[in-house]
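Asker: Structure in structure tokens, see below.
The values are calculated or read from the model by the stated rules, or taken from the named source; none is laboratory data. Note that this is a predicted model, so its numbers are computed, not measured. FYI the Cβ positions are ideal-geometry reconstructions off the backbone, even for glycines, and counts take in every protein chain you see. With ligands, DNA and RNA removed, areas are computed over all heavy atoms of the protein, side chains included. Shrake-Rupley method; radii C 1.70, N 1.55, O 1.52, S 1.80 Å.
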Amino acid sequence: MRDALHQALTAIRDEVGSLEEYVREKLGYDTLDEVTADLMGLQIDTVAAANYNLEHGTGVVIADQTGVGKGRQAAAIIRYAHRSGRTPIFATKGPDLFTDMYRDLAAIGSGDLAPFIMNADVKIMDEDGELVVHKSLDSKKINEALDKVAATGTLPDGFDMLFFSYPQIQNPEQAKRKVSALNALAENAILILDESHEAAGGSSNRGEVMRPLVNAAAGVTYLSATFAKRPDTMGLYFRTVLGKMVDSVDELISIM
């Protein structure tokens with residue numbers, strides 16, 4: 001694994017030059033000191049690889065173990081997506097993680113980005129856990145907004161990104177409006193799939209929704225320390241180089 005990572009990063013460096021400078025440019029930092037203040041070395045390497053792959057139509061899996069800082073890297077990809085004119089869609093296993101994501105965004109200087117929260121009754125708190133920084137609309141307004149998103153393919157005015165948790169697309173009937181909105185955004189969206197093993201869902205409706213969404217999206221970055229835990233979830237990762245090894249998702253799952 002070490003040799004493969006070294007070869008991949010070397011190939012990117014040979015094409016784009018300094019990875020630190022590449023990340024500085026793509027994320028819009030003024031100086032390299034700002035980059036290294038917000039991201040440590042391994043995070044810079046990963047963000048560089050993710051940005052490079054997004055620009056070449058391929059995804060990456062950020063599989064760092066717990067505590068290394070996948071959230072900060074996810075925030076960097078959201079920042080990159082927004083700067084590149086794409087719609088960042090951040091998905092994770094539960095709405096309690098939205099606050100963590102916002103704090104990581106604030107930590108890299110992107111706390112001004114406003115999330116449209118697809119979940120109802122969610123509050124995003126500041127770093128001290130005292131002030132509500134963002135909150136979801138009421139259920140009626142969420143549904144009205146989702147209908148407009150489905151019709152226009154753009155987020156409502158005043159919002160820069162979309163947050164949702166995977167259980168929101170679990171029930172086939174209840175999820176129709178939400179799935180329609182996500183599909184309408186997909187062509188110009190970059191998906192940031194936190195705890196991506198939770199998105200795969202095996203043969204459940206969750207997986208049935210996510211695989212076409214991943215296929216249609218402009219780009220995708222996966223984050224999970226246990227992404228390869230079960231063969232039936234591996235079909236979600238066809239936007240990585242794994243997808244170039246096989247003719248179909250079913251074949252990939254069968255091999256695994």
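Asker: Return the residues of segment 68-79 that are touching a residue at least 60 places away in the same chain (Cβ under 8 Å) and either open to solvent by 20 Å² or more (accessible area, probe 1.4 Å) or closer than 13 Å to G219 by Cβ (or both); say none if nothing qualifies. Quick ask: steps written out before the conclusion?
Answerer: Applying the first criterion (touching a residue at least 60 places away in the same chain (Cβ under 8 Å)) to segment 68-79 yields 70-71, 73-74, 77-78.
Correct list: K70, G71, I77, I78.
Asker: Additional query: Name the residue that is modelled with the highest pLDDT, counting only residues in segment 1-37 that are within 23 Å of the chain's Cα centre (by Cα) and under 16 Å from V241 (Cβ atoms).
Answerer: I12
Asker: Sticking with this one: Could you list, in sequence order, the residues of segment 58-70 that are among the small types (G, A, S) and modelled with pLDDT under 90?
Answerer: Let us first name the residues in segment 58-70 that are among the small types (G, A, S), namely 59, 63, 67, 69.
Across segment 58-70, the qualifying residues are A63, G67, G69.
Asker: Scan segment 198-243 residue by residue and report those that are surrounded by fewer than 20 Cβ atoms within 10 Å (Cβ to Cβ), touching a Gly at 6+ places or on another chain (Cβ under 8 Å) and more than 16 Å from A91 (Cα to Cα).
Answerer: R230, D232, T240, listed by residue number.
Asker: Do we find that G28 is at positive phi and either free of Cβ contacts under 8 Å to residues at least 60 places away in the same chain or of a type outside the set (D, E) (or both) in this structure?
Answerer: Working: at positive phi: yes; either free of Cβ contacts under 8 Å to residues at least 60 places away in the same chain or of a type outside the set (D, E) (or both): yes.
When the stated conditions are applied, G28 passes them.
Asker: Report, by residue number, each residue of segment 157-176 that is touching a helix residue (DSSP H, G or I) at 6+ places or on another chain (Cβ under 6 Å) and loosely packed, with under 15 Cβ neighbours inside 10 Å.
Answerer: Q170, P172
Asker: Right, next: Checking the structure you have, find out if any residue of segment 223-245 is touching a strand residue (DSSP E or B) at 6+ places or on another chain (Cβ under 6 Å), under 20 Å from V60 (Cα atoms) and aromatic (F, W, Y).
Answerer: Scanning segment 223-245 turns up at least one residue that is touching a strand residue (DSSP E or B) at 6+ places or on another chain (Cβ under 6 Å), under 20 Å from V60 (Cα atoms) and aromatic (F, W, Y).
Asker: Can you run down the residue pairs with Cβ atoms below 8 Å, 6 or more apart or on separate chains, where the first is in segment 127-156 and under 16 Å from K176 (Cα atoms) and the partner is open to solvent by 70 Å² or more (accessible area, probe 1.4 Å)?
Answerer: N143/R177; L146/R177; D147/R177; A150/R177; A150/N183; G153/E187
Asker: Next question. Sort out for me the strands (runs of 3 or more DSSP E) sitting completely within segment 101-156 that have 3 or more residues that are surrounded by fewer than 19 Cβ atoms within 10 Å (Cβ to Cβ).
Answerer: Values: elements: 115-117, 123-125, 132-135.
Hits in segment 101-156: 132-135.
Asker: Quick one: V241 ticks every box in (1) touching a residue at least 60 places away in the same chain (Cβ under 8 Å); (2) closer than 19 Å to A150 by Cα bar one, so which box is it?
Answerer: Tallying (1) touching a residue at least 60 places away in the same chain (Cβ under 8 Å); (2) closer than 19 Å to A150 by Cα, V241 fails exactly one: (2).
Asker: Can you find a residue in segment 176-198 that is more than 27 Å from A63 (Cβ to Cβ) and more than 20 Å from the chain's Cα centre (by Cα)?
Answerer: Yes, that holds for at least one residue.
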